[in-house]
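**Student:** Following this message is one structure expressed as structure tokens.
The values are calculated or read from the model by the stated rules, or taken from the named source; none is laboratory data. Every value quoted in this text rests on a predicted model; they were computed, and no experiment measured them. For neighbour counting, all protein chains shown are included, and Cβ atoms are generated from backbone atoms with ideal geometry for every residue, glycine included. SASA here: full protein model, heavy atoms, side chains in, ligands and nucleic acids out. Shrake-Rupley method; radii C 1.70, N 1.55, O 1.52, S 1.80 Å.
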Amino acid sequence: MIRERTAEVVKTHHQLEDLYNNAPCGHHSLDTKGVIVHINDTELNWLGYKREEVVGKIKFADLLTPESLEKFRINFPLFKERGYV
């Protein structure tokens, strides 16, 4: 029973990972300092980076236009405090 349940969890994990990586929209996750810790293949293709160039190395703010950067600087601290914007 435990082995079957573990196999189900692993299968579900792989399905979710596939959906995340192949979604038609870009998606990323940041740590509390704004560094990218997860990014999907779609967004990597848009940006022209490889995963190993981005994850743990680039701050999301470094990829933004000046206008977007201003919004990010206002909203990211609010998101960290509240969990939403």
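**Student:** List pairs: first in the range 8-35 and under 26 Å from N75 (Cβ atoms), second among the aliphatic types (A, V, I, L, M) and in a helix (DSSP H, G or I), Cβ under 9 Å, 6+ apart or cross-chain?
**Tutor:** Partner pairs satisfying both residue conditions: G26/L44; G26/L47; H28/V54; G34/A61.
**Student:** Assuming L64 fulfils every condition listed in (1) more than 12 Å from the chain's Cα centre (by Cα); (2) modelled with pLDDT under 95 apart from one, which condition is it?
**Tutor:** So the condition that L64 fails would be (2).
**Student:** Looking at the range 57-73 only, could you name the residues that are without any contact (Cβ under 8 Å) to a residue 12 or more places away in the chain and of a type in the set (D, E, K, R)?
**Tutor:** D62, E67, E70, K71
**Student:** Additional query: If we only count helices (runs of 4 or more DSSP H) wholly inside the range 1-84, which ones have 3 or more residues that are out of contact with any Phe, Trp or Tyr (no Cβ under 6 Å at 6 or more places or on another chain) and open to solvent by 70 Å² or more (accessible area, probe 1.4 Å)?
**Tutor:** Where helices (runs of 4 or more DSSP H) fall fully within the range 1-84 and carry at least 3 residues being out of contact with any Phe, Trp or Tyr (no Cβ under 6 Å at 6 or more places or on another chain) and open to solvent by 70 Å² or more (accessible area, probe 1.4 Å), they are 2-22, 51-54, 66-82.
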